[in-house]
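Structure record follows, encoded as structure tokens.
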Amino acid sequence: MSALLEVSGISVTFDGFRAINNLSFEIGPAELRAVIGPNGAGKTTFMDIVTGKTRPDSGKVLFGERSVNLLGMTEAQIARAGVGRKFQRPTVFEDQSVAENLMMALKADRGPFAVLRWRPRPEHHARVAELASEVGLADHLPRKAGELSHGQKQWLEIGMLLAQEPRLLLVDEPAAGMTLAEREHTTRLLVDLAKTRAVVVVEHDMDFVRRLACKVTVLHEGAVLAEGSLDHVTRNPAVIEVYLGR
Ligand code: ADP
């Protein structure tokens, strides 16, 4: 199966410091991948490049079956092309209900010009209900987002991202600050989402990565140090050295 995202030979230098060093990375169209690595390994910069926030000095970022090069596209164009990004902190509208938050996400998806004359239609209400049930919030539609638990806010924000129908979802530390039950829900959610789209999870918490039971990419000094199952990479002497050797 050909890759949905194919990053090849990207490098980024900040003030003479190589944050990303000839990095190559591929992910399939329905794959869950965890990206781990010590602080400063380049995980955030990698996501910044894929989403158009940071432009690399060299390399290619090809996306979709037509292998569109995302480099040179704006962040908004990349989002519309099907790349969604979930930051660590949820940014939901606290005064609005779960349904209203999801409706706003559907509206935002129409693009800046259509938004002004956009009015929700029955199919949009149906889609809101569908998105809520996809992330496990079907019973919370009328509640204000501000009343939700931390985990529920995170799921709401994932639901809002799903309104754009991303084919690749980048998720930054989804388990941070969650209770055990919330982490279990999040694990199931990410595994489910990756059945129909690619999901890349950047995570520090190894216990959570183990639960995801997916292929792991270890970044170090801006390049891939190891790849494979968590057991495989954590037996790799180079990975052990990076995590424990200093
Ligand atoms: P990670 O997310 O794995 O912790 P980052 O991608 O945030 O790593 O950072 C990789 C390296 O690049 C770090 O050494 C960091 O200090 C450096 N870096 C990241 N962004 C910038 C920037 N805008 N200017 C200068 N250095 C940066």
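The values are calculated or read from the model by the stated rules, or taken from the named source; none is laboratory data. Because the structure is a prediction, the values reported are computed rather than measured. Neighbour counts are summed over all protein chains in view; Cβ atoms, including those assigned to glycine, are modelled from backbone coordinates with ideal geometry.
If Leu168 passes every condition in (1) within 16 Å of the ligand (Cβ to nearest atom); (2) touching a Gly at 6+ places or on another chain (Cβ under 9 Å) but one, which one does it miss?
The one condition Leu168 does not meet is (1).
Of the conditions (1) charged (D, E, K, R); (2) surrounded by 13 or more Cβ atoms within 10 Å (Cβ to Cβ); (3) without any contact (Cβ under 8 Å) to a residue 60 or more places away in the chain; (4) more than 28 Å from His220 (Cβ to Cβ), Arg89 satisfies every one except a single condition; which number is it?
So the condition that Arg89 fails would be (4).
For region 218-227, name all the residues that are within 16 Å of Ile27 (Cβ to Cβ), surrounded by fewer than 23 Cβ atoms within 10 Å (Cβ to Cβ) and touching a Leu at 6+ places or on another chain (Cβ under 9 Å).
Passing the criteria: only Val224.
Restricting attention to region 155-205, and to residues there that are small (Gly, Ala, Ser) and not in a helix (DSSP H, G or I), which single residue is farthest from Thr44 (Cα to Cα)?
The initial filter retains those residues of region 155-205 that are small (Gly, Ala, Ser), namely 159, 163, 175-177, 181, 194, 198.
Okay, now just the ones that are also not in a helix (DSSP H, G or I), so 163, 175-177, 194, 198.
Details: Ala163: 24, Ala175: 16, Ala176: 16, Gly177: 19, Ala194: 21, Ala198: 18 Å.
Out of the qualifying residues, it is Ala163.
Can you tell me which residue among Val201, Val191 is within 20 Å of Ala30 (Cβ to Cβ) and away from the ligand (no atom under 16 Å from the Cβ)? Full working, then the answer.
Working: Val201 fails: away from the ligand (no atom under 16 Å from the Cβ).
Exactly one of Val201, Val191 is within 20 Å of Ala30 (Cβ to Cβ) and away from the ligand (no atom under 16 Å from the Cβ), namely Val191.
Can you name every one of the helices (runs of 4 or more DSSP H) wholly within region 1-118 that holds 1 or more residues which are under 19 Å from the mean Cα position of the chain (by Cα), within 16 Å of the ligand (Cβ to nearest atom) and not hydroxyl-bearing (Ser, Thr, Tyr)? Reasoning before the result, please.
On the way: elements: 43-50, 75-81, 98-108.
Correct list: 43-50, 75-81.
Leu32 - would you say it is buried (at least 16 other Cβ atoms within 10 Å of the Cβ) and farther than 25 Å from Leu190 by Cβ?
Values: buried (at least 16 other Cβ atoms within 10 Å of the Cβ): yes; farther than 25 Å from Leu190 by Cβ: no.
When the stated conditions are applied, Leu32 does not pass them.
Identify all residues within region 126-142 that are surrounded by 13 or more Cβ atoms within 10 Å (Cβ to Cβ) and either at pLDDT below 95 or in a loop (DSSP other than H, G, I, E, B) (or both); write none if there are none.
Kept after step one, since they are surrounded by 13 or more Cβ atoms within 10 Å (Cβ to Cβ), are these residues of region 126-142: 127-138, 140-141.
Within region 126-142, Val135, Gly136, Leu137, Leu141 qualify.
Identify, please: which residue in region 222-242 is among the β-branched types (Val, Ile, Thr) and within 16 Å of the ligand (Cβ to nearest atom) and is, among those, nearest to the chain's Cα centre (by Cα)?
Of everything passing the filter in region 222-242, Val224 is nearest to the chain's Cα centre (by Cα).
Taking the stated definitions as given, is Glu182 of a type in the set (D, E, K, R) and closer than 22 Å to Ser97 by Cα?
Working: of a type in the set (D, E, K, R): yes; closer than 22 Å to Ser97 by Cα: yes.
Yes; evaluated as a whole, the condition is true for this residue.
Within region 206-246, count every residue that is charged (D, E, K, R) and either closer than 30 Å to Ala81 by Cβ or touching a strand residue (DSSP E or B) at 6+ places or on another chain (Cβ under 7 Å) (or both). Show your work before the answer.
Quick first cut of region 206-246, residues charged (D, E, K, R) only: 207, 210-211, 215, 221, 227, 231, 235, 241, 246.
Imposing the further condition that a residue be either closer than 30 Å to Ala81 by Cβ or touching a strand residue (DSSP E or B) at 6+ places or on another chain (Cβ under 7 Å) (or both) reduces the set to 215, 221, 227.
So the answer is 3.
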